[in-house]
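Working notes, structure below.
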């Protein structure tokens, strides 16, 4: 097992990695960091959550010349959320390097604030392609001194229509530079970019995606479109789900689930592409802080989201393909924890679901939706399990005396217990 002490990195960066709580390298870090430190171009296939940000953050930070206050590295990301996440990681890796400046540039924030920081001098720029182009065209951002370019989640940027912007940005950078490309999939479009803008890149592939999600329990449930919402509530009750990210394929679907869950008293927020950035930030903060239990989102709105401690992902609608499915369920089981991915499958979804199930290599297990009586049994068992646990761990002497005092020939202790269970279940 390789750890960060084995790398040829500065004491400042090594100390920062320790402060972040990391010791051993993930597979992508082990394969990408050493060649990247040597200045080689890299094309790496790695999923979100594999540790790839640290894999490019270390080589980028290690090679910054602090006295030069012009951009020396630019990192392109598909979304504002990922932009902020990556910029935060870069700052953590460079936390012990005095005067290191990292700036995230993205749409949805007034351009003037970003411009003022750029004018003062920045070493590393992390940006969405559209906003980076804006700054270049306004003369705020000169990439002539850039020595390293990182394309993070390159396939998503292409899916979102950023290819032309990416190529414009790459053409603004010097011919001789290091280019690090990270992508969950490597379609033909990515290969073209690698061919045109990289110099004999080292190709890295981290474990097949089918093996990259072993700690996620994946269940699928056949449903009828007419009863799909009722079946969603069944799953929430049967699995005792306190918080979840729920995916719908459309904005209309998001609005429908949001409205109906709210009617039933659930704490819920929604996220879709028609919302302003300010509203999306507010929604995400509420969900991250636990002020909303359920977040309903479309794929586009969810890109780049990093939510810790999320136990459940629910696919209200089956995604279009396996890559989208992996992207969705990868939002749970972060940093080595475990999680559940539950998918509702109506008749209209059969073709897409069967393709996804086949690609999952047996990971998705089909189950029957619980009946009303089964849900009642599950709820009763849950309460009784808590009671048994309390018997083992808690001091119940005062309560035992109370039960004995109120027991009689007419009212047995069992009847009191049954009545208490009824009260608990009804509240």
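The values are calculated or read from the model by the stated rules, or taken from the named source; none is laboratory data. Nothing here was measured: the structure is a model prediction, and the numbers come from that model. Because the Cβ atoms are built from the backbone with ideal geometry, glycine has one as well, and the counts that use them run over all protein chains shown.
Worth a mention:
- Selection within segment 40-59 - surrounded by 19 or more Cβ atoms within 10 Å (Cβ to Cβ) and closer than 18 Å to residue 197 by Cα: 41, 42, 43, 44, 45, 56
- Qualifying residue in segment 82-98 (condition: within 19 Å of residue 42 (Cα to Cα), crowded, with 18+ Cβ neighbours inside 10 Å and assigned by TED's automatic domain parsing to the domain that holds residue 42): yes
- Condition check for residue 366: more than 22 Å from residue 243 (Cα to Cα), at pLDDT 80 or above, in contact with a helix residue (DSSP H, G or I) (Cβ under 9 Å, 6 or more places away or on another chain) and not in a helix (DSSP H, G or I): yes
- Matching entry among 245, 235 (being outside any loop (DSSP other than H, G, I, E, B), out of contact with any helix residue (DSSP H, G or I) (no Cβ under 8 Å at 6 or more places or on another chain) and surrounded by 16 or more Cβ atoms within 10 Å (Cβ to Cβ)): 235
- Residue within segment 46-64 that is over 22 Å from residue 330 (Cβ atoms), over 14 Å from the mean Cα position of the chain (by Cα) and outside any helix (DSSP H, G or I) present: yes
- Conditions (1) under 25 Å from the mean Cα position of the chain (by Cα); (2) part of a loop (DSSP other than H, G, I, E, B); (3) farther than 23 Å from residue 33 by Cβ; (4) not assigned by TED's automatic domain parsing to the domain that holds residue 307: number failed by residue 166: (2)
- Test result for residue 270, surrounded by fewer than 20 Cβ atoms within 10 Å (Cβ to Cβ) and either over 25 Å from residue 374 (Cα atoms) or at pLDDT 90 or above (or both): no
- Some residue of segment 143-151 being surrounded by 15 or more Cβ atoms within 10 Å (Cβ to Cβ), closer than 22 Å to residue 47 by Cβ and in contact with a helix residue (DSSP H, G or I) (Cβ under 6 Å, 6 or more places away or on another chain): yes
- Check on residue 59, touching a strand residue (DSSP E or B) at 6+ places or on another chain (Cβ under 9 Å), within 17 Å of residue 126 (Cβ to Cβ) and touching a residue at least 12 places away in the same chain (Cβ under 8 Å): yes
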